[in-house]
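All remarks here apply to the structure that follows.
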């Protein structure tokens, strides 16, 4: 009975299998004739159908004659499961079917450890030529499952077997089985293998790179990869190679790799981003700015329209889920790119362009369109008040004091109610306990609020002194100083100052210097002298304060002191660290200018006459 | 427990809501949407008091939410996901005629085309910003709460955030809830800072102060300070709406809608209530009183979040959290103006919240979360429960869903409720008193405000003083200008009306006196110029008195240039009636050619008044300035033009010839001897000429070989008497009187107008002979004597006075002659046409004069011929000839009448 029915069943099952596969293939070939929605529904239907078929096949006892068909159906079925991201289900199916097959050929139940399991499977099933091909198919599938669940260890252990896959798969083709109707496969195993190979290279390279084993990663990545691989994957390999090179101190070679990556895939923004980092490292500001501009425009491009058809059964993205890879290939959000672009522009000459970028950035923040880009990367944007202040200071640099005043007003009005009467800081500041539920209220923003508000007043005062309204300038400098005086820092023998405290001191220095300079213009030389001296005490790095102090001493007729001070400033290298100082706390570019050459001439003449 | 009764009015009755699902009522305008857990949503019209539409979904609806603009309703179906149905489409009033009252409500089948988000796990959702905004759904999946953001317009998925589930007791609780007929789902609300415009442009949301119900029960405003304290400065800066989510595990989370990915954890846990949250909302007073955020837990815990003064060392505001407790379970809540209305299933209660009617609790009583110590929450809760007032029972039972409240104009509060039995009820609440808070300025801003105000006052003060001084200076300028204009008018009117005004009547006049002075043994002639200000105006600073001295005739070589000299004297202040006397050196003796013209004028400089800048601007304008004659910013007003002639420059020495004076060594012996000789000669000459030939009257100038020249002029005595005001001859006095007064007049009259006696010897007054020293230190003899002129034969005899000038210097004689003539001319001008002349005498004279003129002209021609034809006649000869012609010209036989 079974003898009769078996081929009949076999044929029917084969037909059923082929019908499902054909239906899917037809849909795939038809292209845009159907909607994506319909494609997804069809995929779901196929998934259900193939599973039903498999249940039917596995409903009877496993016989050797059925093994080939069953394994092929399992292959298809698992692929459908894979497309529905039912990975555990697929793996379970896979192992279960293989165990059935092994049982059919009379082998023992293999151990669950995958490498040993597969050694056994290949030994017992792979030796049969008719079964070898479909066994290897399943090995491919298992490979894919390992890859998509990031179990690279298994791949590593079965390296030899996987490498020999290509011959086996090729051989399977040649030894065509007797049956007239051959069970169709959803994806040709060789294509799958090629894809898996390159994805494995990428995954391994990324893993090694993350562990810091750059040279090993490099050797992995430089393995020959098939040129037929998808462009995006090739570009990723190039990018990762570039990363290895730049981490091993070869930025120029890295640049070459990034360029290759971009040539391979224009949308490989990551390579662009990495090349920006290299330019930054090399100090090539202009190139960096250009690259930033390019990156921003690429990021702002509408995403490539998704094809109408359903995604392929196996897409590279599902094979490469690793956290390490995505962190390596992450790209900052358009907003933070825009921010770095604006900052670079302002710092390196093209102020007006920088201002435009800042304004674009602020506008983008106010609108809700930015939500459309779902980037979830670590924050690279500064706090918003700082952003406002940076924009304000760049507006001032671009000679637009009125706009700067308005922006600062916004910061001031926002922070006004939050300003503390007094603020006692203990150095070093106690770190907030991580993981504790968020505090209501401002928490560590308390110092921030003071600094932002103070900096806003400082910028406003700069604006007024730019407009030569010295009275208003003095008023606003005084406000800034009064505000900063509310903060009391208690030092506990800690030498290294924290950023907040350093900012506080710099602010204080700038405000005092600014007020001193304004006083000079109001012809209040004594007040001016006092403020400038206080400024130099508060923050020694303020260059203009020193010059103005010399000038004021000179005007007060205290030439001896002026000359002495001049000599002191000239001798001490004033190149104090302005690293990490926010844009709005740099020395104002537009304020009242001092005729430096004139001062130098006067003072040096005086010094010379005194010496002679 | 105090109790008040609410009036219950049952509108309709539907089937019992299926147990285990949360019934939901939404009250939007005229419509009430009722969801009882079946696959239908009912739309009840409160005006017509009947069901108007039924929405039939494909599967049971477990939750529904109104969109912010109230234009659509979102329904969560158990098996599909979120559907979006536009509400206006439910009112197809026009196709169905109004007569068609009887048939039942319209049935709308909601197809899968209305599916907004295909997500089976959606528990709760909220829509922010209307159709252009965002849809936020919360779903429970893979042991995490997923917040998913969709675009409201096309339901495109934007982004996703997750928050891991922490409470393990959740399921246990939900089973309990199931027993109580409740399914807990996350509660969502959207908070705006009340100084920020809401994202949607719908008109309903612009109403302020916003009532929580006015924003659809899920959207409300929070006062800016509390907003900033809770959600940070960044969210406040970009006016990001915040999504608040109360999870069934008791956590109160916030999610910014606009903030870019600041750190991975966008979702912040603000607080944990430790029991399922059934309600999040705000209470708002009628005025801008302190506002608080309220969260109510299922078992009766009430958390109020509001601003509060910080600790003493901070001095700033902090967000304070007050926990209280009411008896649970709390089935449904809605927020009113004064507090909350909640149902326990067996009763409906109204809870007044502290902070709305009373002041905020003292910080030490409340749990100040800003400090971070969460010491003994249970304790805090117990202590805090006292701060909650006890709720007031409204005596309505079995309410499972509430909507509203609505406040009508008379202050009556109404709620819509759904009872456990499926009755839709309107509850009219007893009137409560409403007390508004007083808006106060936060203390922290007072100092700043005062400083601002002071600074503003300072500014205004400064500006005012600047303006004041400007006004003062302008006033000053105007006053000056007025003066200047007055003076100008006065003088110009004077000018225009001609020279008729006698000198003495001019308001501002000047006269000149020449005086000899002796300094360092040199005689010099000084001109004293006196300005009389008889005008009513003060001549102040900026006025300048200018005297220009210009010789009437001057030597040719210097003729190319103007040899005039200008002296200017600035005024200090010349009061009306005052006079200013200035002294100007005319010349060292003999340097100047007399007569000289002295022009006096007043100058006014606009520059000192206006300042150079303004002046240059004024001048640059051109037209008005040039109209005013303001070239160079000067106003020039001519006063008088006076002449100083030889007569004025005479130094009268006496009526006798001067003798040698040993006290005067500067005079050379030559001069002295000359004088003596001259005197002698002159006496002879006078006698000689006195004997004279028949020529009689007229004028003569005779030069003797000894170098004494003389010239004479005859003036009729009658004329002199008349003009000089002398008494007629017959009345008294000798003829000497006429002669003397003529001399006196000559020597005194004119430029100076001063008393003649001051200038010379007293004795000279009466004599008809005066000796004087003229320029060049020549002695001059002036003689006046009475003569008769005319042909005795014709009986036409006129009495006349002959004035004779004798001097050794030709120039002096000429000059004096000219001076005398011009005086007489002036005299004649004054009396012109007043007398008839005796034609006979003059006719004779005229004839003679004509003849003489002819002869002289011939002589002149002759004298010029040789020069013209280039014959070498010596210059000496020519000069001689010309000189003699000139002398003869001088001899005018005419008698001046």
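Here, each number is a calculation from the coordinates, and none is a lab measurement. Please read all numbers here as calculations on a predicted model, not as lab measurements. Cβ placement follows ideal geometry from the backbone for every residue including glycine, while neighbour counts extend to all protein chains displayed.
Compute the FRET efficiency between residue A:558 and residue B:479 as 1/(1 + (r/R0)^6), taking r as their Cβ-Cβ distance and R0 = 35 Å, and round to the nearest 0.05. For residue A:558 and residue B:479, the calculated efficiency is 0.15.
Per-residue Cβ counts within 10 Å, from other chains only, averaged over B:224-231: what number is that?
3
Can you tell me what percent of all Cα-Cα pairs in the range A:254-293 are more than 13 Å apart? The proportion of pairs with Cα distances above 13 Å equals 45 percent. Between residue A:44 and residue A:399, the simple label model (points 7 Å from Cα in the Cβ direction) yields a spacing of 6.4 nm. Annotation for residue B:54 and residue B:493: the two label points, set 7 Å from Cα along the Cα-Cβ direction, are 10.7 nm apart. Can you give me the C-alpha center-to-center distance between the range B:141-167 and the range A:199-252, rounded to a whole angstrom? After rounding, the separation between the Cα centres reads 34 Å. For the pair residue A:301 and residue A:55 in one chain, pulling the backbone fully straight at 0.36 nm per residue adds 83.8 nm over the alpha carbon distance. With Kirkwood's inverse mean 1/r over C-alpha pairs for Rh, give me the Rg to Rh ratio of the range A:34-94, two decimals please. Rounded to two decimals, Rg over Rh is 1.04. With the simple model of a label 7 Å out from the Cα in the direction of the Cβ, residue B:325 to residue B:113 spans 5.5 nm. Neighbouring Cβ atoms from other chains, within 10 Å of the Cβ of residues in B:149-162, number 2 on average.
Computed extension length for residue A:522-residue A:84: 150.1 nm, one decimal, from 0.36 nm per residue of separation with the Cα-Cα distance subtracted.
What average number of partner chain Cβ atoms lie no more than 10 Å from the Cβ of the residues making up B:108-121?
Values: counts 0, 0, 0, 0, 0, 0, 0, 0, 0, 0, 1, 0, 0, 0.
The shielding value for this peptide is 0.
Sorting B:640-651, B:227-238 by their mean Cβ neighbour count within 10 Å, with the most densely packed peptide first, gives B:227-238, B:640-651. Highest mean packing comes first when the peptides B:780-788, A:281-289 are listed by Cβ atoms within 10 Å, giving B:780-788, A:281-289.
Can you work out the base-10 log of I(q)/I(0) for the range A:205-360 at q = 0.10, 0.20 1/Å, using the Debye formula on its C-alpha atoms alone? Scattering profile of the range A:205-360, log10 relative to I(0): -0.40, -1.29. Gain on full extension, evaluated as 0.36 nm per residue between residue A:467 and residue A:290 minus their Cα-Cα distance, stands at 60.3 nm.
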